[in-house]
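Please read the structure below before turning to the comments.
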Amino acid sequence: MKEYRPLRVIISGGGTGGHIFPAVSIASKLKEVNPDTEILFVGAEGKMEMEKVPAAGFKIVGLPMVGLQRQLNWKNIVNDIQVPFKVLASIRKAGKVIDEFKPDLAIGVGGYASAPLLWMATRKGIPSLIQEQNGFAGLTNKILSKKVGSICVAYEGMEKFFPAEKIVMSGNPIRKEIVPATPQMKAEAMEFYGLDSSKRHILIVGGSLGSRTLNEAMKKWINEGCKGGDDVEIIWQCGKYYKKGVDEFMAGKDLPYIHHSDFIKRMDLAYAAADVIISRSGASSISEICAAHKAAVFVPSPNVAEDHQTHNAMALVRKDAALMVKDVEAPEKLMAEALALVHDPERIALIEKNVAPLALADAAQTIVDEAYKLVK
């Protein structure tokens, strides 16, 4: 059996669940292979990692890092004026954190805090690793790739962004409970969500914060009489930002087959219940859907750097392992597309067959093994 010595590891990044969940998975795997390993997270002040990481049982330090805002208004102008000063302050603080913690290794998972921390770690000679979740690399990781020892990726063709000799195909770490549904899981899911097993089921995942586009597509479908949905039940995660508005919209409507909530606690059972999933195409969402072997209709968010969610989705669409609807077309086309798919068991079976091989098992272990290679 392979032995893993205890390490001191800094993991930096965050901003969204798509960065935080993989980071926590990597940290959990590091503690699993050696419980004496010490881990410190470094995030951005005010971002969701400052809440989610301690909730997962890990220590975190915040940097005053902010990013440029492209939309022109006074609030964003004030923010953007502060950016260079915040960057310098973050670099200084990152250097101080490294000097005090004395890590054997630094891991960057993307997000505002990743850049200053890895920049300082590589300057100080700390072995460093990037985990790039998306199919289109951002500018920060492209710059850092020249300095780090290893780059763990989830998509083919990443040598157009990174030095080929540093790339390791690891996949994205996901929650370990996300697996292909067994008949027992399916039955448990039906009971947990109060669903009718004789009907077809669609899961709409807008993320923890929610998706305006997915919510508006649902509202439009409901307002038009839920066409084509007589034998369908829907689990609708609207997100905490939109929960109040969705509650008001649903008030007084007799729609017992639509189950809406701001957050889904048992995502494993939600996946198990679903015949079809409607989702944004963030890297973690795609990785979980692949791991669950599910048919999905992706609606890439247009509000992300380099349109990377479209690249993520197209990696599956090209292999007939998913469908995609553009964000701008979603209000008109999304529900019709999803309903046509949910009523086509043969097409679902083909997509499930094609998506299954795209799941990379135990990505966290692959990343941990790569990390240990760097610190030998």
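Per-structure values
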{"quantity": "Some residue of region 239-261 being in contact with a Lys or Arg (Cβ under 8 Å, 6 or more places away or on another chain) and either touching a residue at least 40 places away in the same chain (Cβ under 8 Å) or under 17 Å from A338 (Cα atoms) (or both)", "calculated": "yes"}
{"quantity": "Members of region 82-125 found to be small (G, A, S), surrounded by fewer than 20 Cβ atoms within 10 Å (Cβ to Cβ) and either in contact (Cβ under 8 Å) with a residue 12 or more places away in the chain or assigned to a helix (DSSP H, G or I) (or both), listed by number", "calculated": "A89, G95"}
{"quantity": "Any helices (runs of 4 or more DSSP H) falling wholly within region 161-263 and containing at least 1 residues that are out of contact with any Pro (no Cβ under 6 Å at 6 or more places or on another chain) and of a type in the set (S, T, Y)", "calculated": "183-193, 212-223"}
{"quantity": "Region 141-154, subset surrounded by fewer than 21 Cβ atoms within 10 Å (Cβ to Cβ) and more than 21 Å from Y372 (Cβ to Cβ), residue modelled with the highest pLDDT", "calculated": "K146"}
{"quantity": "Set S301, S284: member being assigned to a helix (DSSP H, G or I), closer than 18 Å to G135 by Cα and at pLDDT below 95", "calculated": "S284"}
{"quantity": "Test: residue in region 254-267 that is open to solvent by less than 20 Å² (accessible area, probe 1.4 Å), at pLDDT 95 or above, under 28 Å from M314 (Cα atoms) and not aromatic (F, W, Y)", "calculated": "no"}
{"quantity": "Helices (runs of 4 or more DSSP H) contained entirely in region 318-376, each with at least 2 residues that are surrounded by 14 or more Cβ atoms within 10 Å (Cβ to Cβ) and in contact with a His (Cβ under 7 Å, 6 or more places away or on another chain)", "calculated": "345-355"}
{"quantity": "Hits in region 209-245 - residues which are open to solvent by 10 Å² or more (accessible area, probe 1.4 Å) and polar (S, T, N, Q)", "calculated": "T213, N223"}
{"quantity": "Tally, over region 11-62, of residues that are at pLDDT 90 or above, of a type in the set (D, E, K, R) and in a loop (DSSP other than H, G, I, E, B)", "calculated": "1"}
{"quantity": "Residues within region 284-311 that are within 15 Å of L360 (Cα to Cα) and open to solvent by less than 40 Å² (accessible area, probe 1.4 Å), tallied", "calculated": "10"}
{"quantity": "Considering residues of region 212-230 that are in contact with an Asp or Glu (Cβ under 9 Å, 6 or more places away or on another chain) and not aliphatic (A, V, I, L, M) only, the residue farthest from F21 (Cα to Cα)", "calculated": "K220"}
{"quantity": "Breaking point among (1) open to solvent by 60 Å² or more (accessible area, probe 1.4 Å); (2) modelled with pLDDT of 90 or more; (3) among the aromatic types (F, W, Y), for Y193", "calculated": "(1)"}
{"quantity": "Of all residues making up region 158-175, the number that are under 20 Å from the mean Cα position of the chain (by Cα) and of a type in the set (G, A, S)", "calculated": "2"}
{"quantity": "Some residue of region 126-141 being out of contact with any Gly (no Cβ under 9 Å at 6 or more places or on another chain), in a loop (DSSP other than H, G, I, E, B) and among the aromatic types (F, W, Y)", "calculated": "yes"}
{"quantity": "Residue in region 1-49 that is least open to solvent (accessible area, probe 1.4 Å), counting only those that are in contact with a Pro (Cβ under 6 Å, 6 or more places away or on another chain) and more than 17 Å from P127 (Cα to Cα)", "calculated": "P22"}
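The values are calculated or read from the model by the stated rules, or taken from the named source; none is laboratory data. Computed from a predicted structure; not experimentally measured. Here Cβ is always computed from backbone atoms with ideal geometry, including for glycine, and neighbour counts include all displayed protein chains. Accessible surface areas use protein heavy atoms only, side chains included; no ligands, DNA or RNA. Shrake-Rupley method; radii C 1.70, N 1.55, O 1.52, S 1.80 Å.
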